[in-house]
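Shown next, in structure tokens, is the structure this report addresses.
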Amino acid sequence: MTLLEFASGPGLQWALWIFVFGVVWRLIGALFLLARKDLSKPRRHNSVAAGLGAIWSRSTPAHAFEKRILFQHVTGYAWHFALFISVLFFAPHILFFESVLGFGWPHLPNTIVMVTAIIATAVLITLLIRRATHPVQRFISNADDYISIVVVLIPLVTGILAFAHVGGRYETLLALHLLSVEVMLIWFPFGKLMHAIMTMPARYQAGTAFGRRGVKA
Amino acid sequence: MRKDQTLGEYLQSQGVSRRGFLKFCSATASLMALPPSAVAQVAEALATARRPSVIWLSFQECTGCTESLTRSHAPTVESLIFDAISLDYHHTLQAASGHGAEAAREAAMEENEGEYILVVDGSIPVGNKAYSTIAGISNYDMLVEAASKAFAIVAVGTCAAFGGIPHANPNPTGAVSVSDIVTGKPIINVSGCPPIPVVITGVLAHFLTFGTIPELDAQGRPAAFFGQNIHDRCYRRPFYERGQFAETFDDEGARKGWCLYKLGCKGPTTYNACATLKWNAGTSFPIQSGHGCIGCSEPNFWDKGSFYNPISAGMWGSRDALLGAAAAGAALGVGSAIAARARKKKAQAAEEA
Amino acid sequence: MSNEAMSLQDFRGLLEKLRAGIAPREMSDEERVRRAKKAFMQKLNGHRAVDLDSCLQCGMCAEACHFYEATQNETYAPVYKFRLLRRFYRREMSPMRWFYRVFTPDITAEDLQNWQHLVYDACTGCGRCDMICPMGIKISASIRVVRHGLAAAGFVPPEMRVLRNEQRDQNTLFGVGAEQLKALAARLGEQGIDVPLDREQADVMLLTTAVEVLLFPDALAANARILNSAGADWTIQSDAFEATNIGIISGDDPTMKLAIRRIVDKAKACGIKTLLLPESGHAYQTMRWEAATEMNESLSFEIVSMPEFIASEIKANRLNLKRQSNGASVTYHDPCRLSRKGGVTQQPRDVLEALGMEVRETPSNRRENYCCGSGCGEFVMQSSANLRQKAFEIKKGEFEEAGADTVVTGCANCRINLLIGAEKSGWQTPVTSLVETVAANLAD
């Protein structure tokens, strides 16, 4: 079995199994700890709307904070947009998603995706440097924070190399790209990459809790 | 051709001009990535070469490789090179048969011990050696004996090189490749289903010129021909870069000759010279005629999923397996939460007691 | 109107005496850790679990914290303040505890001791960080759980322990109980302010606080005058008047429940329709949003803060007010537990505007307002005095930017801290309470 055969066959299968298994395990395990029913009289009754509202509103920080977190805000948006475009609108990626989901969507020209991938990589490296140097971030960071950045950074770099056919034979680079994605998938449920899943329930519960008290989350 | 005639003399007697011969030599030299100064050396070596003895064994095969080589195109230098070797045994091509043929093979092996080239096409069944026999001799035994006295072995076609289609799942005959059986002898894998004819002659020319085997890649294939993938040399590559893909075999993109990646082309992971040498005297190759590469020169090409699955689709398993993983995760999640809550309740009860 | 009140100076003396009167809690390290873990376990639920599992460690919360902003001390990042709880969660309660336990260090008594400064001195539980978190994590709720753990382990500032014991065992605070309230009510009665003490049945039950009785008797007088002016059928109960809940401030569940129970039982006995809360932010948070759940019953009466009550009385035309015409300007300081944790932000502004005052906002206001610097009872703690003063400077800067003549707030705790801060930094702008401002403008 070649490296690529392993990466696109059993490697991928196991990674996806562990990913799905771990994500559901962690999500359900946290939610199922449950909480007592709040018996106070709500100021506003539509808690579902408040919860959904918070999913949106927490993407836009309150005006009073904007000045102090401008850098993180801008890099955060740049990173996530560049990443989503690179992952979701690259033709070969869409073919992969189509094979899993059963449907596809239009892709962007490869050159545009290459630009977003390079932007994403540059922003992520910037964020990595900031984490290692900013007093608060450096102080609060643990291994998970660095591992999570690195396991996302490597698929980006190997993806760019595989696309550009630089640094090795195509199937080797493709295999490394797949393997690094698999490492990322396996790490995902155990580390803080899980935030991508937790965003929804976390923001939703904040929205309902604040909404109950008549406060905009 | 007489046995003591040189290749040069023979070609001349067949009406091949000096100019035509040199053209072949320079083409061969460039294919094998030799410097231009080597052309004269190739020409000199080929012109004066004595006919080497070649024994050709056909095992579990479809004769496609032989057909490809013999019927490729009307008399050319390549086909004449074949005439110029002393093909002492070729099960499919030779007139003699039965014990007479086997006697010829044994005689050639005796006479040229340690010097002849053994060409093999087809895979070898080892599950039950009786699946394929010639004159009562199993393929396995014949290969082991012939290989032991050969100078080098050329495994022609994907079956001989990697097991090929007989080796494909579920492999009922237990088919294996030449290199799975033979050790201690140089083996040159000329894979492809079938391989490109000029690659065979190129390898023989190299042997005639230098008396050695050419540089091989990790799969034991001549690096000069298998060093680059189809995708890198494909004339449709610019469409890939621009993201212009044929979505079906009869859409606008297909008519415009756009990239066949989405239709399952295996060009990016297939190493062969199709995109440069092409087929039928340089006329075309599969991608040019509108079908994606199926990766036939790679090991296990038959077992890598559908030819029409894009490379990036991946063999991710089944949706049911993923649902199973999700269900297992949910069960563990619920279980761990219930256990944690039970501990919490116990602590509370202890508090109140 | 001016009632005889204790000076800030004397109040600090009183706190000094409290502090001196209690010895540190002796307990073995094992016992401390065991108790802390038990408290953590009891307080951890699905909401906290989702929060703890969501954190990105982005550190933005530090940018919302006045203590970090004032000191640039990275250990004051709110995310770090609940790190201890996350360690416990990961080891003991998380769905992946078997995995995390391998490399997550266990809690030690030393950790607990170290965190005391972080969650008592360097956190007022104001929840400003809750508003900045991109994941919507209620950071202050998790920090509060850490307080619970430390309280159980005996790592509580001495003042809080004294006061907690006093509220739990004597039903008094700072020595203020039924007798002191009765005395004040009598004094107010002499001034012609009727305080209907201990009526058996009433529509409205007003609470007050020991701090009001001691330091701000005018606030109680103002509440009484407003209720009388609105013609409310009200009472105040000498054995259940205390709105302050040291249990919730210090992180002690039994005391918290006991204090709530005293009020709820009395309110039910009096058959009230409305429980009216004085100017106390945490009392509003406790009674309005947590009491029912803690008592495990739906409460039959409304729970309303004074700003809400006054605003609705004005709307219903039951209060006669003098409108100021001299263009006086005020800044309303939003108490955290009334605004972002309570949902009362518009009513106090409506009230001030109804008085004809110009409301000038600080750059951060309403749900994003900066803490006064001493919420959650911090003003009683000596250990955080310097830190509080640094945070107050931020608040002062905000007020100066707003540039109003007067600062008005709706929480006695905020008021004390703003007064102490102003005194220490020589800041001249008067700080007063909303109810006193309204009472001063009642048309008799």
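The values are calculated or read from the model by the stated rules, or taken from the named source; none is laboratory data. Small disclaimer: the values here were computed from a predicted structure and weren't measured. Because the Cβ atoms are built from the backbone with ideal geometry, glycine has one as well, and the counts that use them run over all protein chains shown.
Structure notes:
- Of all residues making up region C:270-292, the number that are assigned to a helix (DSSP H, G or I) and either within 21 Å of C:Q170 (Cα to Cα) or within 16 Å of the chain's Cα centre (by Cα) (or both): 11
- Given (1) under 18 Å from C:M131 (Cα atoms); (2) surrounded by 18 or more Cβ atoms within 10 Å (Cβ to Cβ); (3) at the interface with another protein chain (Cβ under 7 Å from one of its Cβ atoms), index of the condition A:R68 fails: (2)
- Whichever residue in region A:77-105 is facing chain B (nearest Cβ under 10 Å) and not in a helix (DSSP H, G or I) and, among such residues, is surrounded by the most Cβ atoms within 10 Å (Cβ to Cβ): A:F90
Residue-wise test of (1) more than 13 Å from chain A (Cβ to nearest Cβ); (2) buried (at least 19 other Cβ atoms within 10 Å of the Cβ); (3) farther than 23 Å from A:A196 by Cα.
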residue	(1), (2), (3)
C:F11	yes, yes, yes
C:K17	yes, no, yes
C:A20	yes, no, yes
C:V50	no, yes, no
C:G59	no, yes, no
C:T71	no, no, yes
C:K81	no, yes, yes
C:E92	no, yes, yes
C:T104	no, no, no
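- Any hit, region B:279-294, residues being within 21 Å of A:L173 (Cα to Cα) and either part of a helix (DSSP H, G or I) or at pLDDT 90 or above (or both): yes
- C:I249 satisfies every condition listed in (1) surrounded by 23 or more Cβ atoms within 10 Å (Cβ to Cβ); (2) over 16 Å from the mean Cα position of the chain (by Cα) except (2).
- Residues located in region A:27-67, provided they are part of a loop (DSSP other than H, G, I, E, B), within 30 Å of C:R91 (Cα to Cα) and hydrophobic (A, V, I, L, M, F, W, C): A:F32, A:L33, A:L34, A:A35
- Number of the condition not met by C:M96 [criteria: (1) buried (at least 24 other Cβ atoms within 10 Å of the Cβ); (2) within 7 Å of chain A (Cβ to nearest Cβ)]: (1)
- Picking from residues in region B:224-256 that are under 18 Å from B:T270 (Cα atoms) and among the small types (G, A, S), the one that is nearest to the other protein chains (Cβ to nearest Cβ) is B:G227.
- The number of residues in region B:102-133 being under 29 Å from B:H167 (Cβ atoms) and assigned to a loop (DSSP other than H, G, I, E, B) comes to 6.
- Any hit, region A:23-46, residues being touching a residue at least 24 places away in the same chain (Cβ under 8 Å) and touching a Leu at 6+ places or on another chain (Cβ under 6 Å): yes
- With a requirement of 3 or more residues that are within 14 Å of chain C (Cβ to nearest Cβ), of a type outside the set (F, W, Y) and surrounded by fewer than 19 Cβ atoms within 10 Å (Cβ to Cβ), the helices (runs of 4 or more DSSP H) lying completely within region A:111-217 that satisfy it span A:143-164, A:195-212.
Quick grid of which residues meet (1) at the interface with another protein chain (Cβ under 7 Å from one of its Cβ atoms); (2) over 25 Å from C:M96 (Cα atoms):
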position	(1), (2)
B:F301	no, yes
B:S306	no, yes
B:M315	yes, yes
B:D320	no, no
B:A327	no, no
B:A330	yes, no
B:G333	yes, no
B:A340	yes, no
B:E352	no, yes
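- Elements of type helices (runs of 4 or more DSSP H) in region C:10-102, at least 1 residues being within 29 Å of A:A132 (Cβ to Cβ), touching a residue at least 12 places away in the same chain (Cβ under 8 Å) and touching a strand residue (DSSP E or B) at 6+ places or on another chain (Cβ under 9 Å): none
- Checked against (1) without any contact (Cβ under 8 Å) to a residue 12 or more places away in the chain; (2) in a loop (DSSP other than H, G, I, E, B), C:G397 meets all criteria but (2).
- Residue in region C:409-416 that is modelled with pLDDT under 95 and polar (S, T, N, Q) present: yes
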